[in-house]
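Notes follow once the structure below has been shown.
The values are calculated or read from the model by the stated rules, or taken from the named source; none is laboratory data. Owing to the predicted nature of the structure, the values given are computational and were not obtained by experimental measurement. Here the Cβ positions follow ideal geometry from the backbone for every residue, glycine too, while neighbour counts run over all protein chains shown.
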Amino acid sequence: MEAIGVFDSGVGGLTVLKELREILPHEHYIYFADTKNLPYGPKPNRQIQDLAQKAVDHFLDLGIKGLVIACNTATGAALHLLEDQLDIPIIGVIEPGAKVAMSMSREKTFCLLATQATVKRGLYKRYLMDLDKDAKVLTQACPHLVTAVEDGFGDHYIGRTMAYEYLDQVEGDYDTLILGCTHFPLAMEGFKDYFRDKGRDVTIVDPAKACALEAKAKIPGNVSGPLKIDYYCSGDRLRFKEVADKLLNEDIRVRPWK
Ligand code: DGL
């Protein structure tokens with residue numbers, strides 16, 4: 001049975017994996033967290049492409065029938081290059097995220113929270129404006145929130161304080177907040193509290209489910225069989241396990257990624 005590869009720089013992609021296992025429950029997943037190279041966000045495009053390429057080469061050695069890039073930063077930098085060279089389905093987070101955000105927005109006014117690389121790459125804005133040329137898109141890079149979530153502080157006051165700080169920096173009005181980094185849904189309570197405190201009615205969009213649904217549409221799924229997930233990590237496995245165990249409420253085994 002061939003596996004579905006799921007790839008992120010760290011724990012953020014687990015938000016997508018959670019949706020995948022709900023929507024495609026009979027699969028074997030190989031989850032790779034490239035924590036040795038986290039954060040991807042401040043890195044130049046070229047370097048992110050090289051890291052994604054290296055990850056994909058090893059996924060192919062392990063044997064996969066489809067790949068989900070559960071990382072907005074890697075999707076933005078490398079999806080188009082990988083699509084050209086792979087003959088298996090490959091799914092990113094940005095396009096499904098932009099589509100679902102558009103469908104949920106009342107006024108077509110958006111604020112994108114993402115890494116520096118994703119903001120700079122501008123793909124969310126491009127997809128949103130392709131869907132509606134009058135869409136208004138504000139952006140805010142939130143680099144420190146990635147590392148806070150990776151360290152297990154997403155739903156801690158540290159993550160919450162960062163959510164407030166970053167949202168306070170956004171100038172202008174919007175009715176839809178896009179969490180354009182897979183780490184950010186892990187700080188969800190801070191975002192919700194912020195809008196509640198301000199008395200604002202803002203829809204918060206996590207692209208994870210839309211990405212998983214696209215995976216279901218594109219990857220030939222198994223109709224029966226057990227769910228199996230193998231976790232791999234390129235950096236400190238114990239550290240990844242500690243945070244991932246809490247997020248998943250499980251006791252996972254983490255293998256080294258070569
Ligand atoms: N989780 C990632 C994303 O969706 C990347 C975070 C990072 O490594 O900077 O962009």
Please tell me if Thr118 is buried (at least 22 other Cβ atoms within 10 Å of the Cβ), of a type in the set (Ser, Thr, Tyr) and assigned to a helix (DSSP H, G or I).
-> yes
Number of positions in region 95-115 that are buried (at least 17 other Cβ atoms within 10 Å of the Cβ), assigned to a loop (DSSP other than H, G, I, E, B) and either over 13 Å from the mean Cα position of the chain (by Cα) or away from the ligand (no atom under 16 Å from the Cβ) (or both) | 2
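Considering Lys228, Lys218, which residue is over 28 Å from Ala163 (Cα atoms), of a type outside the set (A, V, I, L, M, F, W, C), modelled with pLDDT of 95 or more and touching an Asp or Glu at 6+ places or on another chain (Cβ under 8 Å)?
Just one listed residue meets the conditions, Lys228.
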Strands (runs of 3 or more DSSP E) contained in region 177-258 and holding at least 1 residues touching a helix residue (DSSP H, G or I) at 6+ places or on another chain (Cβ under 9 Å) and within 29 Å of Val137 (Cα to Cα) | 203-205
Take the residues in region 75-94 that are within 14 Å of the ligand (Cβ to nearest atom) and not in a loop (DSSP other than H, G, I, E, B), then tell me which one is surrounded by the fewest Cβ atoms within 10 Å (Cβ to Cβ).
-> Leu79
Would you check if Asn72 is within 20 Å of Gly12 (Cβ to Cβ), buried (at least 19 other Cβ atoms within 10 Å of the Cβ) and of a type in the set (S, T, N, Q)?
-> yes
Looking across region 22-71 at residues that are within 16 Å of the ligand (Cβ to nearest atom) and basic (Lys, Arg), the single one that is farthest from Thr115 (Cα to Cα) is Lys54
Restricting attention to region 148-176, the residues that are assigned to a helix (DSSP H, G or I) and out of contact with any Phe, Trp or Tyr (no Cβ under 6 Å at 6 or more places or on another chain) number exactly 11
Leu145 vs. criteria outside any loop (DSSP other than H, G, I, E, B), touching a residue at least 12 places away in the same chain (Cβ under 8 Å), within 18 Å of the chain's Cα centre (by Cα) and surrounded by 20 or more Cβ atoms within 10 Å (Cβ to Cβ) | yes
Only one of (1) free of Cβ contacts under 8 Å to residues at least 40 places away in the same chain; (2) under 25 Å from Leu177 (Cβ atoms) is not met by Phe110, so which one is it?
-> (1)
